[in-house]
Amino acid sequence: MITEKTITDFVYREADLLDTMQWQAWLDLFHPEGRYWMPLEWQQQDPVLQPSLMYEDLLLLKVRVERLAGERTFSQKPKSRCHHLLQAPQIIACDPEAGLFKARTSYIYTETRGDMLERYSGWASHDLVRVGDDLKIKLKRVDLVNFDAPFGNIQLFM
Amino acid sequence: MANYRNNAFAIEALVRQAEVHRDVYVDPEIFEIEMEHLFPNSWVYVGHASQLAKPGDFITATIGRQPVMASRHTDGTIHVFYNRCPHKGVKIASEPCGHTGKFFRCPYHAWSFKTDGSLLAIPLKKGYEGTGFGDAQANEGLSKIKNVVVYRDFIFAQLNDNGVSFEDYFGESLSTIDNMVERSPEGKLAVVAAPIRYMHTCNWKMLVENQTDTCHPMVAHESSAGTAVKVWKREQGDGTETPMAVQLYGPFMSPYEFYEQSGIRIWPNGHGHTGVANSIHSNYSDIEGYLAQMVAAYGEKRAHEILGEVRHNTVYFPNVMVKGAVQILRNFIPIAVDKTLVESWVYRLVGAPDKLYERALMYNRFINAPTSIVGHDDLEMYERAQEGLKSNGNQWVNLQRLYEAGEPADVTAVINGTSERQMRNQFHAWAKFMTIDMDKRIEAAE
């Protein structure tokens, strides 16, 4: 039985996997047709014909994860680390009949590398689907409050 | 450290035949002189006319560090002026783009200006009677930039009133813009979204040089493009259709021989491009319906000529790069000696299938975004160079690959695609436009 708490726990666990750099376990949270989306416009509707910072399928996410561990990935020498500070997720939908599970979570995200530390704020929206007994990510959408500002490298995942 | 101000000789001495002194990247005074001389003497990209569709539309930009704005006047003409009120200096426009209506109004004291920049009204105007205001520069309204050229909707401006003409400055290099425009079946491009913005903690010239550096992709991008190719082969095998994403990443891993035969073309005044014979953009899948549209618009022969021109990166000196084949323009905006804002614009080919725009947007976020793994590879190299150049062990940067003694500057030539000659070409232009308006007789007399 999937309850609101199942969804909330899922969102917390996902952030925890990122913070502890358990990349493979994080990828395993995605549905095979899942997407990770970082829009570049306010309340953006279209990830394909409007510009985004990221709109990646599982293959591209795997490339990122594998790259992070690469011997010749010089932008990861030293390695980046990240920290998610989440507000309690707001449940947008929890409808097992319709298979709709959605949450929206306000966050502060920190990414560090060497002596650098950058902090970002925004909202993460999770569209989840049930696969067997588990929830999987159909779409993780990350809206930065200042999506239109120029950033330096963002190498990990919000 | 030399004193470079008003010292054309010292500035010219930073550029040798095949080496440049590290001060061009790290010296704050050199950066200041670039802002005062190099950028004002050059033709700099301001924006695209499609961003000024209606009278009253405006955009803001910087030339070097100086805030400027462009507007569409009531009569349809485009004007560029400094973005500051003639009264107290307040910026008139604070947004990247917008619509001002019939006039601009300064938010501080309500001085207003027509959309060609001329002074329209000042509240309580009688306070200026008998003050000689008519002779003040403020009475002219927004200070106008005289040298503005709109070339096939690309707006360029030159701050120096007496600089090299637009035609002489760009010459044949405009052919890349021509090709990008002609890739639209209607011969028209449109900016329909904001650019991707990416802050770089390095000197702006490192980015420009990297555009024609063909010996770095297979090394620096092994981590990104190389991993993409590896993961694709493992996950999907080679038998199925290659997705758009892998088509975009894959060619970065091409071997040296590929880039050698692709060639580089250089032009006078520091312009040049990679990908003469072919390029990393050569082997993208056809997009359904597009070729037929192009043939209908241009005829069989011309359509194939246009689409057969797949130039890789074209540098428009000093700080712009254009990719005609994927409709991208990257603007390397100098902020400080070690800080550069990169704005990467995508143009929509008017009348062409959506899929082309989709691919251009995908390319832009794969390569030019702060979340781009290819971008991460490059920025890491620039940052390390910015740090490494503080070393006094060797004060020169080497640009000697395929240098030939006595090679002429300011010429058009096609050369081996792994040559660093375009970088040498840029630095020749750099020394020229840094000093072209300096009075060299003073140095000679000293």
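The values are calculated or read from the model by the stated rules, or taken from the named source; none is laboratory data. The model shown is predicted, which means the values in this text are computed figures rather than measured ones. Glycine also receives a Cβ, built like all others from the backbone with ideal geometry; neighbour counts cover every protein chain displayed. For the accessible areas, the whole protein counts, side chains as well, though only heavy atoms, and no ligand, DNA or RNA atoms are used. Shrake-Rupley method; radii C 1.70, N 1.55, O 1.52, S 1.80 Å.
Counting only helices (runs of 4 or more DSSP H) that fall entirely inside segment B:327-446 and contain at least 1 residues that are of a type in the set (Phe, Trp, Tyr) and closer than 30 Å to A:ASN153 by Cα, the qualifying elements are B:354-367, B:373-388, B:421-435. Only one of the listed residues (A:THR73, A:THR105) is at pLDDT 95 or above, under 29 Å from B:ALA245 (Cβ atoms), facing chain B (nearest Cβ under 8 Å) and buried (at least 20 other Cβ atoms within 10 Å of the Cβ). That residue is A:THR73. Applying the criterion of being part of a helix (DSSP H, G or I) and open to solvent by 20 Å² or more (accessible area, probe 1.4 Å) to the residues of segment B:175-203, the residue that is nearest to the other protein chains (Cβ to nearest Cβ) is B:GLU182. Filtering segment A:31-41 to residues that are crowded, with 20+ Cβ neighbours inside 10 Å and part of a strand (DSSP E or B) leaves A:GLY34, A:ARG35, A:TYR36, A:MET38, A:PRO39. In the condition set (1) of a type outside the set (Ser, Thr, Tyr); (2) in contact with a strand residue (DSSP E or B) (Cβ under 7 Å, 6 or more places away or on another chain); (3) farther than 30 Å from B:TYR363 by Cα, B:PHE133 is compliant with all but (2).
Is there a residue being assigned to a helix (DSSP H, G or I) and under 31 Å from the mean Cα position of the chain (by Cα) anywhere in segment B:121-135? Explain how you work it out, then say what you get.
Initially, segment B:121-135 is screened for residues assigned to a helix (DSSP H, G or I), giving B:125-128, B:133-135.
Retained after the next criterion (residues that are under 31 Å from the mean Cα position of the chain (by Cα)): none.
Within segment B:121-135, not a single residue is assigned to a helix (DSSP H, G or I) and under 31 Å from the mean Cα position of the chain (by Cα).
Taking the criterion of being surrounded by fewer than 16 Cβ atoms within 10 Å (Cβ to Cβ) and either more than 7 Å from chain B (Cβ to nearest Cβ) or under 26 Å from B:LYS233 (Cα atoms) (or both), the residues of segment A:42-56 that qualify are A:TRP42, A:GLN43, A:GLN45, A:ASP46, A:VAL48.
Tell me, which residue of segment A:117-158 that is without any contact (Cβ under 8 Å) to a residue 12 or more places away in the chain and aliphatic (A, V, I, L, M) is most open to solvent (accessible area, probe 1.4 Å)? Across segment A:117-158, the extreme among qualifying residues is A:LEU117. Taking the stated definitions as given, is A:ALA103 outside any strand (DSSP E or B) and farther than 30 Å from B:LYS233 by Cβ? Spelling it out, it is not the case that A:ALA103 is outside any strand (DSSP E or B) and farther than 30 Å from B:LYS233 by Cβ. Residues considered: B:ALA277, B:ALA292, B:ALA245. Of these, the only one that is among the small types (Gly, Ala, Ser), open to solvent by 50 Å² or more (accessible area, probe 1.4 Å) and either within 12 Å of chain A (Cβ to nearest Cβ) or outside any helix (DSSP H, G or I) (or both) is B:ALA277. Restricting attention to segment B:149-174, and to residues there that are part of a loop (DSSP other than H, G, I, E, B) and among the aliphatic types (A, V, I, L, M), which single residue is surrounded by the fewest Cβ atoms within 10 Å (Cβ to Cβ)? Ranking the qualifying residues of segment B:149-174, first place goes to B:VAL164.
Within segment A:1-30, the set of residues being hydrophobic (A, V, I, L, M, F, W, C), touching a residue at least 60 places away in the same chain (Cβ under 8 Å), within 17 Å of A:LYS138 (Cα to Cα) and open to solvent by less than 20 Å² (accessible area, probe 1.4 Å) comprises A:ILE2, A:ILE7, A:VAL11, A:ALA15, A:TRP26, A:LEU29, A:PHE30. Is it the case that some residue within segment B:140-148 is open to solvent by less than 20 Å² (accessible area, probe 1.4 Å) and touching a His at 6+ places or on another chain (Cβ under 6 Å)? Within segment B:140-148, none of the residues are open to solvent by less than 20 Å² (accessible area, probe 1.4 Å) and touching a His at 6+ places or on another chain (Cβ under 6 Å). If you go through segment B:215-227 and keep only what is open to solvent by 20 Å² or more (accessible area, probe 1.4 Å) and within 14 Å of chain A (Cβ to nearest Cβ), you end up with B:HIS216, B:MET218, B:VAL219, B:GLU222. Being in contact (Cβ under 8 Å) with a residue 12 or more places away in the chain, surrounded by fewer than 17 Cβ atoms within 10 Å (Cβ to Cβ) and not in a helix (DSSP H, G or I) is a condition met by no residue of segment B:206-214.
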